[in-house]
Amino acid sequence: MQTSNRNDLLLKRSLAAVWHPCTQMKQHETLPLIPVARAQGCWLYDFEGARYLDAVSSWWVNLFGHGNPRINAALIDQLAQLEHAMLAGFTHEPVVALSERLSQLAGGGLGHCFYASDGAAATEIALKMSFHYWRNTGRPQKTQFVSLANSYHGETLGALAVSDVRLFKDTYAPLLRASVQVPSPDWRLAQAGESPRDFAVRCAQALERHLEQHHAETAALIVEPLVQGAAGMAMYDAEYLRRARAICDRYSVHLIADEIMTGFGRTGSFFAFQQAAITPDLLCLSKGITGGYLPLSAVLATDTIYQAFYDDAVTRGFLHSHSYTGNALACRAALATLDIFGQDKVIEANKTKSAQISAAARALARHPRVTNFRNSGMIWAFEVATDDAGFARSFYRQALARELLLRPIGNTVYFMPPYVIADDEIDLLIHRTLEIIEQT
Ligand SMILES: *Cc1c(COP(=O)(O)O)cnc(C)c1O
């Protein structure tokens, strides 16, 4: 069949020419590589019409479905005006409008937006800004960073240095600058009988003990607010963020909120830190920012930080250079994404959708092999009891055979669907996931 040949041909060419991310390429001798010919809504299609429900939003980036007509139209309109121009010395409407709207959404305390193209770069920028702030304000000895155990902030060398996922970090350890990890408030790690909130308080006390001793050399604490994604959707009580904010203030340490995954409504509020009623000093955004269309990231900074760089001396300025900073097409996709949030009252609508998905997943939550079933906004996760070391891969494969794109992290299965997932797609996702659990 000719169509079948198109699938096979693309796979062969891909394996020969493309080095795929987060992949031991040799595994593709037995693990299928999936060709994507086109995508619409929550579905990815190959050349033969086989389809896969994108239940992980294409690595956590897609919010309003593939081929979204409103984002498409905005991009076509933008193409007719300006695709890109350098942002040093020049400016344009999409980058200005996006900066205004992001800082407004963040509550007004974060009025200065710096742009890059991916999450790891946003982490690098936030770390550099924090260090440079302290240097500009006469405290150059503040050079250390603190993060949570099991944190993930990206995989360039600086971002990896503050991450704590062994699989990604161990090999490159000799290249990395040391950082400190304090206990994660992940409630799965609480003692029996200890509430998530009590555990969060206990972890905050450990943070305080560390900063009490080391604040003089510590520039910033970087956290993933409410949900540590790559750790396996570890969730924690907002009380930790409230206390971390107060402790950072007490010891003159910046609080960097890495909302690269949690931002844009993923945990129920527009930004996760809003559930703790705090404002970070630096806010990292990416992933959902363009609705999953184009690479873009942003770091939002407070006026206090910004002012410490504002000077006659060039070297006191933030000199980070990135050629595609503030790309007009990416900013326009982000503006179209924000328009949808307003037009469709997405944060409100997601409350209903989230409750509906949780209700539909009740049988899954109660399944004898399922533990720690948890939910935050539009994220669901649970552990599956198994003694199969290859659980993640075999589950992934069985999901594909049932038209589902699910990528467990260890024995943690999670759903992070586009917000536009429809009723029949929710049913299909839950029923087929149950089927897989029954059969593995
Ligand atoms: C994905 C992610 C990053 C890294 O973003 P990339 O665009 O993949 O570099 C950083 N932090 C968090 C919390 C993430 O989920």
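The values are calculated or read from the model by the stated rules, or taken from the named source; none is laboratory data. Predicted model only: the values in this text are computed from it and were never measured. As a convention, Cβ positions derive from the backbone with ideal geometry for all residues, glycine included, and neighbour counts pool all protein chains shown. Side chains included, ligands, DNA and RNA excluded: accessible areas come from the protein's heavy atoms. Shrake-Rupley method; radii C 1.70, N 1.55, O 1.52, S 1.80 Å.
Is it the case that Ser147 is touching an Asp or Glu at 6+ places or on another chain (Cβ under 9 Å) and closer than 17 Å to Phe318 by Cα?
When the stated conditions are applied, Ser147 does not pass them.
Filter the range 359-381 down to residues that are part of a loop (DSSP other than H, G, I, E, B), at negative phi and in contact (Cβ under 8 Å) with a residue 60 or more places away in the chain, then give me how many there are.
The total comes to 4.
Could you figure out which of (1) in contact (Cβ under 8 Å) with a residue 12 or more places away in the chain; (2) outside any loop (DSSP other than H, G, I, E, B); (3) among the polar types (S, T, N, Q) isn't true of Asn72?
(1)
Residue-wise test of (1) part of a loop (DSSP other than H, G, I, E, B); (2) within 25 Å of Tyr240 (Cα to Cα).
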{"residue": "Pro94", "(1), (2)": "no, no"}
{"residue": "Leu102", "(1), (2)": "no, yes"}
{"residue": "Cys113", "(1), (2)": "no, no"}
{"residue": "Ile125", "(1), (2)": "no, yes"}
{"residue": "Gly138", "(1), (2)": "yes, no"}
{"residue": "Phe145", "(1), (2)": "no, yes"}
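Among the residues of the range 228-240, is any on the phi < 0 side of the Ramachandran plot, touching a residue at least 60 places away in the same chain (Cβ under 8 Å) and buried (at least 24 other Cβ atoms within 10 Å of the Cβ)? It would help to see each step written out before you state the result.
Narrowing the range 228-240 to residues on the phi < 0 side of the Ramachandran plot: 228-231, 234-240.
Then drop every residue that is not touching a residue at least 60 places away in the same chain (Cβ under 8 Å), which leaves 228-231, 234-235.
Next, only the ones that are buried (at least 24 other Cβ atoms within 10 Å of the Cβ) stay: 228, 234.
Yes, some residue in the range 228-240 is on the phi < 0 side of the Ramachandran plot, touching a residue at least 60 places away in the same chain (Cβ under 8 Å) and buried (at least 24 other Cβ atoms within 10 Å of the Cβ).
Being part of a loop (DSSP other than H, G, I, E, B), within 15 Å of the ligand (Cβ to nearest atom) and under 29 Å from Leu335 (Cβ atoms), is that true of even one residue in the range 240-251? Steps first, please.
Restricting attention to the range 240-251, the residues satisfying the condition of being part of a loop (DSSP other than H, G, I, E, B) are 251.
Subset that is within 15 Å of the ligand (Cβ to nearest atom): none.
No.
Restricting the search to the range 284-297, which residues are open to solvent by less than 10 Å² (accessible area, probe 1.4 Å) and away from the ligand (no atom under 12 Å from the Cβ)?
Gly291
Which residues, taken from the range 176-213, are part of a helix (DSSP H, G or I), open to solvent by less than 40 Å² (accessible area, probe 1.4 Å) and under 21 Å from Ala234 (Cα atoms)? I'd like the intermediate steps shown before the answer.
The first filter runs over the range 176-213 and keeps only residues part of a helix (DSSP H, G or I), leaving 187-189, 196-213.
After this cut, where a residue has to be open to solvent by less than 40 Å² (accessible area, probe 1.4 Å) as well, the list is 199-201, 203-204, 206-207, 210-211.
Result: Phe199, Ala200, Val201, Cys203, Ala204, Ala206, Leu207.
Out of all the residues in the range 259-283, which are open to solvent by 10 Å² or more (accessible area, probe 1.4 Å) and within 13 Å of the ligand (Cβ to nearest atom)?
Taking the range 259-283 first, the residues open to solvent by 10 Å² or more (accessible area, probe 1.4 Å) are 260-261, 268-270, 274-275, 277-279, 281.
Across the range 259-283, the qualifying residues are Ile260, Met261.
On the basis of being open to solvent by less than 30 Å² (accessible area, probe 1.4 Å), away from the ligand (no atom under 16 Å from the Cβ) and in contact (Cβ under 8 Å) with a residue 40 or more places away in the chain, does Leu98 make the cut? Full working, then the answer.
Details: open to solvent by less than 30 Å² (accessible area, probe 1.4 Å): yes; away from the ligand (no atom under 16 Å from the Cβ): yes; in contact (Cβ under 8 Å) with a residue 40 or more places away in the chain: yes.
When the stated conditions are applied, Leu98 passes them.
May I ask you to say which residue of Glu217, Glu212, Glu208, Glu194 is of a type in the set (Asp, Glu), away from the ligand (no atom under 16 Å from the Cβ) and either in contact with a helix residue (DSSP H, G or I) (Cβ under 6 Å, 6 or more places away or on another chain) or within 23 Å of Ser269 (Cβ to Cβ) (or both)?
Glu208 is the lone residue from the list that is of a type in the set (Asp, Glu), away from the ligand (no atom under 16 Å from the Cβ) and either in contact with a helix residue (DSSP H, G or I) (Cβ under 6 Å, 6 or more places away or on another chain) or within 23 Å of Ser269 (Cβ to Cβ) (or both).
For the range 252-325, please list each of the strands (runs of 3 or more DSSP E) lying entirely inside it that holds at least 2 residues being closer than 30 Å to Leu82 by Cα.
282-285, 297-301
Identify all residues within the range 163-175 that are more than 10 Å from the ligand (Cβ to nearest atom) and surrounded by 13 or more Cβ atoms within 10 Å (Cβ to Cβ); write none if there are none. Please lay out each step first, then the result.
Taking the range 163-175 first, the residues more than 10 Å from the ligand (Cβ to nearest atom) are 164-175.
Correct list: Asp164, Val165, Phe168, Lys169.
Considering each residue of the range 101-128, count those that are within 16 Å of the ligand (Cβ to nearest atom) and of a type in the set (A, V, I, L, M, F, W, C), and give that number.
Total meeting the criteria: 8.
Give just the number: which of (1) part of a helix (DSSP H, G or I); (2) within 21 Å of Phe271 (Cβ to Cβ) does Ala392 not satisfy?
Here Ala392 clears every test but (2).
Keeping to the range 51-62, report how many residues are aromatic (Phe, Trp, Tyr) and more than 16 Å from the ligand (Cβ to nearest atom).
The qualifying residues number 1.
So for the range 63-81 (the condition being within 16 Å of the ligand (Cβ to nearest atom) and surrounded by 19 or more Cβ atoms within 10 Å (Cβ to Cβ)), does at least one residue qualify? Walk me through how you get there before you give the answer.
Keep residues of the range 63-81 that are within 16 Å of the ligand (Cβ to nearest atom), which gives 63.
Subsequent filtering for residues that are surrounded by 19 or more Cβ atoms within 10 Å (Cβ to Cβ) retains 63.
Yes, the range 63-81 contains a residue that is within 16 Å of the ligand (Cβ to nearest atom) and surrounded by 19 or more Cβ atoms within 10 Å (Cβ to Cβ).
For Ile289, are the conditions met, namely being out of contact with any Gly (no Cβ under 8 Å at 6 or more places or on another chain), modelled with pLDDT of 95 or more and within 18 Å of Ala106 (Cβ to Cβ)?
No.
Only residues that are assigned to a helix (DSSP H, G or I) and more than 18 Å from Asp339 (Cβ to Cβ): list them for the range 32-69, please.
Ser57, Ser58, Trp59, Trp60
Are any of the residues in the range 2-25 of a type in the set (Val, Ile, Thr), out of contact with any helix residue (DSSP H, G or I) (no Cβ under 8 Å at 6 or more places or on another chain), touching a residue at least 40 places away in the same chain (Cβ under 8 Å) and assigned to a helix (DSSP H, G or I)?
Yes, there is a match, as at least one residue in the range 2-25 is of a type in the set (Val, Ile, Thr), out of contact with any helix residue (DSSP H, G or I) (no Cβ under 8 Å at 6 or more places or on another chain), touching a residue at least 40 places away in the same chain (Cβ under 8 Å) and assigned to a helix (DSSP H, G or I).
Anything in the range 327-386 that is among the charged types (D, E, K, R) and open to solvent by 50 Å² or more (accessible area, probe 1.4 Å)? List them, or say none. It would help to see each step written out before you state the result.
As a first pass, look at the range 327-386 and keep what is among the charged types (D, E, K, R): 332, 339, 344-345, 348, 351, 353, 362, 366, 369, 374, 383.
Passing the criteria: Arg332, Asp339, Asp344, Lys345, Glu348, Lys351, Arg362, Arg366, Arg369.
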